[in-house]
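Contents: one structure, followed by commentary.
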């Protein structure tokens, strides 16, 4: 074990997999000479050279398509977007090519590719740079979507994504990059996709979350504890595939659930989680499932307004009390 | 028979296979045996056939939704192609792809794509992989002139030129993007000039003869294989049927269509071969194609449909 920041864990996973497999390479805007817009790929150009750490012009659709084409014939690209917001101009490539090629070719082709970038809100970056894109992509069969919250999970899941034979979308967070944690050094430390983690055990209410919001949920759980409420925090880690069993097991114990995530309330992964719980554990529920989400507006620039729009621990606490009928 | 005559006969045979396949597909479509969209390659046969003749078997080819001709030229069996149109599990894509999504990995035919221009970066990516692996393999990407206004065309060409990828971009300019004529699509009449801004080599010619297509594309293929440099080639052609089966073709006159049919490269090759004293060989080839296409239709009709288990994706 060693202590690493989240960005170092992401980098370590990429370096280990690139050393393990010459077909793996990193491509994106500013990943090489600039050393990464968020310094995730710092030092990698010097280590692997321009052939395998490839700077691109500002052509998200172009370099996404090129990477899908390269993956289709046997390479294993890691595509970095400066942020997930910019993947919107490559949406057609991800939706119509990466996700569909395997099925529409009758299984003749595979697309072993990883798309990764920071996701969700940062700090006052405005309405066009604050999207939570996992909700758009998790809708699509043929894509896997991961959203780790800790450095260890970041490393183990990114390695799993790179070794997978089909497309995996991997959500990071600008505000998580500096978070520290213990990370296994074993080069074969690979976590399975589709398995949630119980970030904190509890008995009164289940808080389902992922990525940065896991930390906010833990903060809320601490506040609830002071009021005598024992909250269990489930870190999904993987949004597609989704670990239904962990959700059911937790709700079977707590009888109450809330989902806390960034991104708008209309549709989305939170709605999917609510559907699964009510469908699979209806008899266990003692209250409606509530969602705590980004408010249903484009992200405002103003610092206080932004904090008002993004889900905060007090909103999670309030929702937890509501499902416990203590509000 | 000289070697060159034998080659020409083989290419003629390929063109007739495509034409007769497409005509029978149109018939099956009108009988309700084929669903969805059906975009026929009739009129454009010399391009796929001439291109494949100039390529090596392990080069990559990729095209649009008008993909039957290239798949057949590349070696897909007419049975697998027709069964795919009929939505049968014996089809090249197990009945999951349909007319627009023919794939044949064994012959490096990497697909028919339904989003205009979307496959152009994909094709560049296959060339990227060849270069990354230091292989002397060439990629060839086909698209219509309707694709040259959309962003992915420009991003694909820009990156292919920047990174010197071994690819040939073939614009099959059939003068109509669905019902919109070239004059209302583009500010220039010469599509190949789009290469200039990217510092890319270009070529431009008419697909009047399958051997012309083969020989002119061979130059671009050589540039890709030996120098690892891309080329944009505009090949002027004409489709003799509508954009798809549902297109009544009201945007062009019957006179224009008849005039263009006089330039039919399939008939041109037939006349050349007859003049070379190969009339009997031509007729024997045509007879053989009739049987092959009839067999393909029979096979498609008799094949089973895919069950729900085939559609399930184990990605989720």
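The values are calculated or read from the model by the stated rules, or taken from the named source; none is laboratory data. What you see is a predicted model; the values in this text were computed from it and never measured. Every residue, glycine as well, gets a Cβ built from its backbone with ideal geometry; the counts of neighbours run over all protein chains shown.
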Name the helices (runs of 4 or more DSSP H) wholly within the range B:10-124 that hold at least 2 residues that are within 14 Å of chain A (Cβ to nearest Cβ), out of contact with any strand residue (DSSP E or B) (no Cβ under 8 Å at 6 or more places or on another chain) and buried (at least 24 other Cβ atoms within 10 Å of the Cβ)?
-> B:78-85
Answer residue from the range A:123-144, given it is part of a loop (DSSP other than H, G, I, E, B) and touching a strand residue (DSSP E or B) at 6+ places or on another chain (Cβ under 7 Å) and is farthest from residue A:239 (Cα to Cα) among those | A:143
For the range A:200-214 the number of residues that are more than 16 Å from residue A:324 (Cβ to Cβ) and surrounded by fewer than 20 Cβ atoms within 10 Å (Cβ to Cβ) is 2
Test for residue B:149: is it modelled with pLDDT of 95 or more, away from every other protein chain (no Cβ under 12 Å), over 16 Å from the mean Cα position of the chain (by Cα) and part of a loop (DSSP other than H, G, I, E, B) | yes
For residue A:228, are the conditions met, namely being touching a strand residue (DSSP E or B) at 6+ places or on another chain (Cβ under 8 Å) and either away from every other protein chain (no Cβ under 14 Å) or crowded, with 24+ Cβ neighbours inside 10 Å (or both)?
-> no
Condition set in contact (Cβ under 8 Å) with a residue 60 or more places away in the chain and surrounded by fewer than 18 Cβ atoms within 10 Å (Cβ to Cβ), scope the range A:161-180, selection nearest to residue A:129 (Cα to Cα): answer is A:178
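Yes or no, residue by residue, for (1) assigned to a helix (DSSP H, G or I); (2) surrounded by 13 or more Cβ atoms within 10 Å (Cβ to Cβ); (3) within 14 Å of another protein chain (Cβ to nearest Cβ); (4) more than 27 Å from the chain's Cα centre (by Cα):
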position: B:257; (1), (2), (3), (4): yes, yes, no, no
position: B:274; (1), (2), (3), (4): yes, yes, no, no
position: B:277; (1), (2), (3), (4): no, no, no, yes
position: B:283; (1), (2), (3), (4): yes, no, no, no
position: B:287; (1), (2), (3), (4): yes, no, no, no
Every residue from the range B:152-166 that is part of a loop (DSSP other than H, G, I, E, B), more than 9 Å from chain A (Cβ to nearest Cβ) and surrounded by fewer than 24 Cβ atoms within 10 Å (Cβ to Cβ) = B:164
Filter the range B:228-248 for residues that are part of a loop (DSSP other than H, G, I, E, B), within 26 Å of residue B:268 (Cβ to Cβ) and in contact with a strand residue (DSSP E or B) (Cβ under 9 Å, 6 or more places away or on another chain) and give the result.
-> B:237, B:238, B:239, B:243
Considering every residue within the range A:127-145, establish whether at least one is out of contact with any helix residue (DSSP H, G or I) (no Cβ under 9 Å at 6 or more places or on another chain) and surrounded by fewer than 24 Cβ atoms within 10 Å (Cβ to Cβ).
-> yes
Would you check if residue B:192 is more than 30 Å from residue A:24 (Cβ to Cβ) and either assigned to a loop (DSSP other than H, G, I, E, B) or at pLDDT below 95 (or both)?
-> no
Going by the structure shown, is residue A:263 in contact with a helix residue (DSSP H, G or I) (Cβ under 6 Å, 6 or more places away or on another chain), touching a residue at least 24 places away in the same chain (Cβ under 8 Å) and either closer than 20 Å to residue A:314 by Cα or surrounded by 24 or more Cβ atoms within 10 Å (Cβ to Cβ) (or both)?
-> yes
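Of everything in the range B:295-316, what is away from chain A (no Cβ under 14 Å) and either touching a residue at least 24 places away in the same chain (Cβ under 8 Å) or assigned to a loop (DSSP other than H, G, I, E, B) (or both)? Give them in sequence order.
B:295, B:296, B:297, B:299, B:300, B:301, B:304
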Of the residues that sit in the range B:125-136 and are at the interface with chain A (Cβ under 9 Å from one of its Cβ atoms) and in contact (Cβ under 8 Å) with a residue 60 or more places away in the chain, which one is farthest from residue B:97 (Cα to Cα)?
-> B:130
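Considering A:12, A:99, which residue is surrounded by 19 or more Cβ atoms within 10 Å (Cβ to Cβ), touching a residue at least 60 places away in the same chain (Cβ under 8 Å) and closer than 30 Å to residue B:307 by Cβ? Write out each step before concluding.
On the way: A:12 fails: closer than 30 Å to residue B:307 by Cβ.
Checking each option against the conditions leaves just A:99.
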Subset of the range B:188-197 [more than 30 Å from residue B:268 (Cα to Cα) and either out of contact with any helix residue (DSSP H, G or I) (no Cβ under 9 Å at 6 or more places or on another chain) or surrounded by 17 or more Cβ atoms within 10 Å (Cβ to Cβ) (or both)] | B:194, B:195, B:196
